[in-house]
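Encoded as structure tokens, the structure appears first; notes follow it.
The values are calculated or read from the model by the stated rules, or taken from the named source; none is laboratory data. If you're wondering where the values come from, they're calculated on a predicted model, not measured in any experiment. No Cβ is skipped: glycine too gets one built from the backbone with ideal geometry, and neighbour counts run over all protein chains shown. Quick note on the areas: whole protein, heavy atoms, side chains included, nothing else; ligands and nucleic acids left out. Shrake-Rupley method; radii C 1.70, N 1.55, O 1.52, S 1.80 Å.
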Amino acid sequence: QVQLVESGGGLVQAGGSLRLSCAASGIIVYFNAMGWYRQAPGKQRELVAAIIRGGRTNYADSVKGRFTISRDNAKNTVYLQMNSLKTEDTAVYYCNAQQYDGDYWGQGTQVTVSS
């Protein structure tokens, strides 16, 4: 089993920055992919950014140029640096990690961007 614990969410004004962290623990072999998803009230969960084997990254169009995903394999941690935040970035952000035995999710961290 793998546990994912997110941190770094909070309240920030539009234009500000936040850095989310997600630390994995448990029985870890290798994560083929790690990523961040978000879910705003009344909306479906959506992919924000992912980093896959080899370091390739994918971003939602809405965050390209503003968010950066990175990964520290030695610490089994994935980060999401969020700059130039907008009110529409307000959501619960979830960490996701995929390895051979399953797809794991964190409990979520709230990000609120005020105008």
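Some notes on this structure:
- Residue ranking by accessible heavy-atom surface, 1.4 Å probe, largest first, among LYS86, LYS75 comes out as LYS75, LYS86.
- DSSP-assigned coil residues among chymotrypsin sites (Phe, Trp or Tyr not before Pro) in region 1-51, each with at most 10 further Cβ atoms within 10 Å: TYR30
- Under the combined filter of DSSP loop state and at most 14 neighbouring Cβ atoms within 10 Å, region 61-99 retains none of its chymotrypsin sites (Phe, Trp or Tyr not before Pro).
- Accessible surface, 1.4 Å probe, highest first, among residues ASP72, ASP61, ASP101, ASP89: ASP61, ASP101, ASP72, ASP89
- When region 1-76 is described by a simple charge dipole with +1 on each Lys and Arg Cβ and -1 on each Asp and Glu Cβ, the residue from SER17, LEU4, PHE67 located farthest towards its positive end is PHE67.
- When +1 charges are put on Lys and Arg Cβ atoms and -1 charges on Asp and Glu Cβ atoms, the dipole computed for the chain relative to its Cα centre reaches about 220 debye.
- Rounded Å value of the spacing that divides the Cα centres of region 25-66 and region 7-22: 16 Å
- 1.4 Å probe accessible area per residue over the chain, in Å²: 52 Å²
- Rel. contact order, % - alpha carbon contacts under 8 angstrom, at least six apart, the chain: 37 percent
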